[in-house]
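Remarks on the structure that follows.
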């Protein structure tokens with residue numbers, strides 16, 4: 001088998017039996033999921049369904065209780081620390097609220113990883129930041145501002161610039177359009193699609209926003225009560241034939257998903 | 001029976017919880033210190049925190065030290081006058097300031113300023129995912145956030161205590177010469193004659209230990225804060241209260257070590 005055929009067969013990320021509990025509460029209860037290389041996967045699910053915990057497990061921010069996580073066919077939970085660090089170098093992440101460092105100007109935020117790894121000098125980092133900011137539609141002058149001076153949309157763009165500055169081959173997006181107006185949401189989605197395509201990266205997004213899911217995803221999977229209950233093409237969301245997914249995608253009150261109301 | 005056992009169980013749970021916390025803080029400190037000898041080193045961050053602690057705490061430490069020295073001179077004079085021992089005022093002021101009050105007052109002031117600031121900054125970073133972001137950006141949060149602060153605290157506090165010692169003694173001299181009738185030169189001579197190297201050194205060692213404790217508790221409370229603004233507020237309060245108590249408790253332990261006969 002040639003390398004290309006092998007790469008197409010082996011998923012970029014493979015989760016098997018992933019489980020995580022916090023005290024008595026099971027958040028992930030045996031998640032199985034394959035994410036194709038070079039494609040966009042959108043993970044859907046209600047609040048508390050375990051979407052964020054899933055990507056935090058893949059990123060190494062949370063240690064799962066059971067299961068395996070493979071990237072390029074290698075179990076990352078069993079990897080030596082050095083190899084795990086090298087893998088992290090190939091990963092970018094856009095956090096829901098941007099998670100920009102308040103104490104640093106925008107240009108230093110954007111080039112943080114490159115500076116931390118001494119892949120670039122401070123003198124050259126400003127030019128590099130201007131170049132990456134241009135890719136997300138921001139002027140070079142934004143680089144001198146502090147994150148507190150930016151609007152929500154600009155913070156997302158800077159977060160995106162920071163995620164792609166080191167040219168990762170896997171990028172995670174946590175609720176990329178939350179808190180943005182519909183037009184700005186569409187702009188951010190467009191930028192995500194552009195940069196992911198340009199880098200040839202694998203994108204994993206979690207979102208509640210169906211319009212966003214259809215725009216940025218090739219594939220989609222739905223997480224409910226800690227398990228993957230459906231997977232399929234993102235374009236079919238709302239018309240999948242799966243009552244649970246269709247209820248969620250259409251935002252209907254009545255259906256198989258029952259809201260757990262607390263008195 | 002439950003009436004007897006419930007309070008005992010509650011005490012037991014409290015003790016176990018306290019032991020867990022002490023162990024966790026100790027491991028946190030060891031983890032922070034272990035990065036001192038492993039690259040990469042964040043010299044720029046260390047200098048930033050050093051300036052933040054040593055330079056920007058100078059006014060508050062200077063003012064409290066001067067007033068402490070003034071009050072000490074006044075109080076010891078009125079007390080010693082009852083035994084016709086007014087001449088010992090300079091000796092008492094310099095010993096009290098260098099051995100105890102200089103380090104303790106400076107540390108308590110820095111705990112209020114820096115311990116709170118560190119806990120609030122790191123706590124905010126925790127609840128806004130900035131600490132997770134550091135990890136995803138191939139940066140060890142302990143090495144980046146904690147180690148430079150610990151080192152800056154250990155280095156900065158002795159400097160502040162030297163300033164507090166000098167200004168505290170000057171405060172005593174000011175009151176002694178302007179209000180209590182001491183001759184300027186004889187007051188200073190009595191001060192210098194009575195002072196021993198160990199008095200100053202013990203104060204500086206205490207300062208380093210206090211600097212470590214203040215930055216450690218600030219970092220620990222911030223790093224482990226939960227929830228939103230309320231969690232950060234609770235972490236800030238916990239950092240100041242715990243470091244203040246530890247400063248006073250460790251002051252006794254260190255005094256016992258240095259001066260117990």
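The values are calculated or read from the model by the stated rules, or taken from the named source; none is laboratory data. Since the structure is predicted, the reported quantities are computational estimates derived from the model, not experimental observations. Using ideal geometry, Cβ is built from the backbone for each residue, glycine included, and neighbour counts are taken over all protein chains shown.
One line per residue, one yes/no per condition, for (1) crowded, with 20+ Cβ neighbours inside 10 Å; (2) touching a helix residue (DSSP H, G or I) at 6+ places or on another chain (Cβ under 8 Å):
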{"position": "B:11", "(1), (2)": "no, no"}
{"position": "B:33", "(1), (2)": "no, yes"}
{"position": "B:44", "(1), (2)": "no, no"}
{"position": "B:69", "(1), (2)": "yes, yes"}
{"position": "B:74", "(1), (2)": "no, yes"}
{"position": "B:100", "(1), (2)": "no, yes"}
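Having 2 or more residues that are under 25 Å from residue B:249 (Cα atoms) is the bar; report the helices (runs of 4 or more DSSP H) wholly within segment B:1-105 that clear it. Quick ask: steps written out before the conclusion?
Values: elements: B:2-34, B:43-50, B:58-80, B:89-95.
Fully inside segment B:1-105 and qualifying: B:2-34, B:58-80, B:89-95.
Which is buried (at least 23 other Cβ atoms within 10 Å of the Cβ) and either over 28 Å from residue A:15 (Cα atoms) or free of Cβ contacts under 8 Å to residues at least 60 places away in the same chain (or both), of A:177, A:236?
On the way: A:236 fails: buried (at least 23 other Cβ atoms within 10 Å of the Cβ).
Every option except A:177 fails the conditions.
Could you list all residues from segment B:190-204 that are assigned to a helix (DSSP H, G or I) and either free of Cβ contacts under 8 Å to residues at least 12 places away in the same chain or closer than 13 Å to residue B:91 by Cα (or both)?
Within segment B:190-204, B:190, B:191, B:192, B:193, B:194, B:197, B:199, B:201 qualify.
Of everything in segment A:56-68, what is within 10 Å of chain B (Cβ to nearest Cβ) and either farther than 23 Å from residue A:110 by Cα or touching a residue at least 24 places away in the same chain (Cβ under 8 Å) (or both)? Give them in sequence order.
Matches in segment A:56-68: A:59, A:60, A:62.
Are any of the residues in segment A:150-173 under 15 Å from the mean Cα position of the chain (by Cα) and over 25 Å from residue A:90 (Cβ atoms)?
no
Under the condition of being in contact (Cβ under 8 Å) with a residue 60 or more places away in the chain and either over 22 Å from residue A:39 (Cβ atoms) or surrounded by 19 or more Cβ atoms within 10 Å (Cβ to Cβ) (or both), which residue from segment A:69-95 is farthest from the other protein chains (Cβ to nearest Cβ)?
So the residue we want is A:71.
Just checking: which of the helices (runs of 4 or more DSSP H) contained wholly in segment A:57-136 hold 1 or more residues that are farther than 17 Å from residue B:139 by Cβ?
Numbers: elements: A:81-89, A:106-110, A:112-116, A:122-135.
Of the helices (runs of 4 or more DSSP H) lying wholly inside segment A:57-136, those with at least 1 residues that are farther than 17 Å from residue B:139 by Cβ span A:81-89, A:106-110, A:122-135.
Among the candidates A:166, A:161, which residue alone is part of a helix (DSSP H, G or I) and under 18 Å from residue A:197 (Cβ atoms)?
The match here is A:161.
Going residue by residue through segment A:43-54, is there one that turns out to be touching a helix residue (DSSP H, G or I) at 6+ places or on another chain (Cβ under 6 Å), surrounded by 14 or more Cβ atoms within 10 Å (Cβ to Cβ) and within 18 Å of residue A:203 (Cα to Cα)?
yes
Output the number of residues of segment A:99-111 satisfying the condition of being surrounded by 24 or more Cβ atoms within 10 Å (Cβ to Cβ) and either within 7 Å of chain B (Cβ to nearest Cβ) or at pLDDT below 90 (or both).
1
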